[in-house]
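Enquirer: Handing you a structure now.
The values are calculated or read from the model by the stated rules, or taken from the named source; none is laboratory data. A quick note: this is a predicted structure, and the numbers were derived from the prediction, not measured. With ideal geometry, Cβ positions are generated from the backbone for all residues, glycine too; neighbour counts draw on all protein chains shown. What goes into the accessible areas is simple: the full protein's heavy atoms, side chains included, and nothing from ligands, DNA or RNA. Shrake-Rupley method; radii C 1.70, N 1.55, O 1.52, S 1.80 Å.
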Amino acid sequence: MIQVDVFWSFALGGSFACFAGDGLAKHASPFENWYFAYTLMFLSMAFAPSGVFLLNLNPAWESMFVYKREDLGTHGWKDALIPTVFGWSNVALGVLGFIINWWLLRQGRRQLATYLHITSYMCMFSILGFGYGRFLYPGSEADWHAQKPAHVLDCIGCEIFCALMGLGAFVGPWFYAPWFKWHAQHPEATLAEDRRTVLKTYAINFVFLIAGFQLYLNYYGEEERQRLLTGFGARHDFEDELGVQSSLVVCLVINVMCGLELIWPAFYFVKGQEKKKRH
């Protein structure tokens, strides 16, 4: 989705830099090494094309129902900039994340580099969580504008769901391959520290998320509470129980569920090295 890919692409570039770690930090340039070459190939040959595919498949869903298909290039060069900048940013922001984390690694600030890209992932997950009514809406552009009601679970098996599963099967191996090859080469102490940093990052950011959402509701008052309750999108029965807090709960759940992909390899590598040490 256009709104989340800003954070996602930046996080991906930062992730690859941290996967490389000391192997990247020893290079005086962030560009003249295999790690950057692989990152650039991933962004330009896997990640950016997948986003452009989704934008062409369902422009309304990919823009969280902000844009229509007719908005993307049919009214002149200004509208054509939307998909152009989208495709460019999916590569450029990933490169930016890689360069920043390369610089931090060169300064010996690995924890800050890890915090930076994990926080970027959490920004992405939070947008999906707070906007779950749009993210999980299974209908078409016409259905959305006709305000055709939908249940959250209706998204399972819909066109976008199948497309995401297919793209995940294509992009996923590109992402995990360097993680297992580069990241596993780090010493046990580094991997254990990565695990602690990820968990601390989640704890700190969850505090800010919860406090920030409550301040937001208190600042805007009853009118905003009603808008959150009555806003259109995919719905679920739990909203009757949780009220306006349902979007916060979904946000936290999505952060945890999606964040497992950021945590489990760290546990896996540490556990694997402990087994090797015993043997």
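Enquirer: From the helices alone, meaning DSSP H stretches of at least four residues, give me the mean residue ellipticity at 222 nm for the chain, per-run term -39500 (n - 2.57), in deg cm²/dmol to the nearest 500.
Expert: Values: 13 runs with 211 residues, N = 279.
Using -39500 (n - 2.57) per qualifying helix, the result is -25000 deg cm²/dmol.
Enquirer: Provide the descending list of Cα extents for segment 45-93 along its principal axes, expressed in whole angstroms.
Expert: The Cα atoms of segment 45-93 stretch 28, 21, 14 Å along the principal axes, largest first.
Enquirer: Relative contact order for segment 1-143 using alpha-carbon pairs under 8 Å, separation at least 6, rounded to a whole percent? Before the final figure, lay out the partial values.
Expert: Values: 177 pairs, mean separation 63.0, N = 143.
In percent, rounded to a whole number, it is 44.
Enquirer: Go through A203, L164, A177 and say which Cα lies farthest out towards the positive end of the charge dipole of segment 147-204; charges sit on Cβ, +1 for Lys and Arg, -1 for Asp and Glu.
Expert: Checking the options against the dipole of segment 147-204, the answer is A203.
Enquirer: Further, regarding this structure: Between D79 and R196, what is 0.36 nm times their sequence separation minus the Cα-Cα distance? Round to one decimal in nm. List each step's numbers first, then the result.
Expert: On the way: separation 117, 0.36 × 117 = 42.12 nm, distance 4.48 nm.
Working it through step by step, the gained length comes to 37.6 nm.
Enquirer: Moving on to the next point. Send over a whole-number figure in Å² for the accessible area per residue of the chain, probe 1.4 Å. Walk me through the numbers before you get to the answer.
Expert: On the way: 14340 Å² over 279 residues.
Dividing the accessible area of the chain by its residue count gives 51 Å².
Enquirer: Can you tell me the relative contact order of the chain? Whole percent, Cα pairs under 8 Å, sequence separation 6 or more. Write out the running numbers ahead of the final one.
Expert: Working: 313 pairs, mean separation 73.7, N = 279.
In percent, rounded to a whole number, it is 26.
Enquirer: At 37 °C and a viscosity of 0.692 mPa s, what translational diffusion coefficient does Stokes-Einstein give for segment 1-136, taking Rh as the Kirkwood radius over Cα pairs? Give it in µm²/s as a whole number.
Expert: 210 µm²/s
Enquirer: Right, something else. Quick check: residue separation of V66 and L242 times 0.36 nm, minus the Cα distance between them. What number comes out in nm? Spell out each step's value before the answer.
Expert: Numbers: separation 176, 0.36 × 176 = 63.36 nm, distance 2.66 nm.
Between V66 and L242, full extension yields 60.7 nm more.
Enquirer: Sticking with this one: Round to a whole number: what % of the accessible area of segment 1-127 belongs to carbon and sulfur, probe 1.4 Å? Could you put the intermediate results ahead of the total?
Expert: Working: 3610 of 5410 Å².
Carbon with sulfur: 67 percent of the solvent-accessible area.
Enquirer: Write down the radius of gyration of the chain and its Dmax, each obtained from C-alpha positions, in Å.
Expert: When restricted to Cα atoms, the chain yields Rg and Dmax of 20.2, 67 Å.
Enquirer: Tell me the accessible surface of R235 in square angstrom (1.4 angstrom probe, heavy atoms of protein chains only), to the nearest ten.
Expert: Accessible area of R235: about 60 Å².
Enquirer: Using DSSP H assignments, which helices in the chain have an axial alpha-carbon span of 15 Å or above and a mean Kyte-Doolittle hydropathy of -0.5 or higher? Don't jump to the answer; show the numbers that get you there.
Expert: Numbers: long enough: 2-20 (28 Å, 1.34); 77-106 (42 Å, 0.92); 110-130 (30 Å, 0.80); 159-182 (35 Å, 0.90); 188-230 (52 Å, -0.14); 246-278 (46 Å, 0.58).
Taking the DSSP H segments of the chain (at least 15 Å long, mean hydropathy at least -0.5), we get 2-20, 77-106, 110-130, 159-182, 188-230, 246-278.
Enquirer: Using 0.36 nm per residue, how much length does the chain from I99 to F180 gain when fully extended, once their Cα-Cα distance is taken away? Can you show the working numbers first?
Expert: Working: separation 81, 0.36 × 81 = 29.16 nm, distance 2.12 nm.
Full extension from I99 to F180 adds 27.0 nm.
Enquirer: Suppose R0 equals 45 Å; then what is the FRET efficiency for V52 and Q214 from their Cβ-Cβ distance, rounded to the nearest 0.05? Intermediate results must be reported in sequence, preceding the final value.
Expert: Values: r = 38 Å, r/R0 = 0.84.
After rounding to 0.05, the efficiency reads 0.75.
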